[in-house]
Amino acid sequence: MTPVTRQEVLGLYRKIFRIAKKWQSASGQIEETLKEKEYIKNEAKSLFRRNKNVTDPKLIKQCIEECEARIEMGLHYNIPYPRPIHLPPLGLAPKQGRTLRHQEKLRKISKPIYLKSHDEVS
């Protein structure tokens, strides 16, 4: 990791914790606000720790872009959780073959950048 990239990543990490510190839930309830603040902190810690050994510059850039996108989405919609997406189900494709592979490829391409880190989870 280059020093510039390292500074950028550390800056994003600090930015997330500053956002968590000032976060107010949309409902305005104290319990909900505390729950969302804790979610932001835990999500940041887990994702940054999971990606701490990434050395590929393209993958690092993708992770940085995802982080920035999630920050902007969270601030814009005042929701710290990833926004859901609606993809067509794979129910119409045969269990194997060319059509299934094509549909899986289209689903992967259409997945927004802010959900790339949830590939392992979902």
Q: Working only within region 49-66, note down all residues that are more than 11 Å from the chain's Cα centre (by Cα) and open to solvent by 50 Å² or more (accessible area, probe 1.4 Å).
A: ARG49, ARG50, ASN51, LYS52, ASN53, THR55, ASP56, PRO57, LYS58, LEU59, LYS61
Q) assigned to a helix (DSSP H, G or I), in contact with a helix residue (DSSP H, G or I) (Cβ under 6 Å, 6 or more places away or on another chain), of a type in the set (Gly, Ala, Ser) and under 17 Å from HIS76 (Cα atoms) - does that describe any residue in region 27-46? A) no
(Q) Give all pairs with beta carbons closer than 8 Å in which a residue from region 46-74 that is touching a residue at least 24 places away in the same chain (Cβ under 8 Å) meets a residue that is part of a loop (DSSP other than H, G, I, E, B) and among the hydrophobic types (A, V, I, L, M, F, W, C); count only pairs at least 6 apart in sequence or on separate chains. (A) THR55/MET1; ILE60/MET1; ILE60/VAL54; CYS63/VAL54; MET73/ILE79
Q. Restricting attention to region 15-24, and to residues there that are part of a helix (DSSP H, G or I) and surrounded by 11 or more Cβ atoms within 10 Å (Cβ to Cβ), which single residue is nearest to the chain's Cα centre (by Cα)?
A. ILE16
Q: Please find, within region 1-16, the residue that is modelled with the lowest pLDDT out of those that are touching a helix residue (DSSP H, G or I) at 6+ places or on another chain (Cβ under 7 Å) and not charged (D, E, K, R).
A: MET1
Q | Verdict on ARG83 being among the charged types (D, E, K, R), closer than 22 Å to LYS22 by Cβ and touching a residue at least 40 places away in the same chain (Cβ under 8 Å) | A | no
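The values are calculated or read from the model by the stated rules, or taken from the named source; none is laboratory data. As the structure is a computational prediction, the values presented were derived from the model and not from experiment. Positions of Cβ are backbone-derived with ideal geometry, glycine not excepted, and every protein chain shown enters the neighbour counts. For the accessible areas, the whole protein counts, side chains as well, though only heavy atoms, and no ligand, DNA or RNA atoms are used. Shrake-Rupley method; radii C 1.70, N 1.55, O 1.52, S 1.80 Å.
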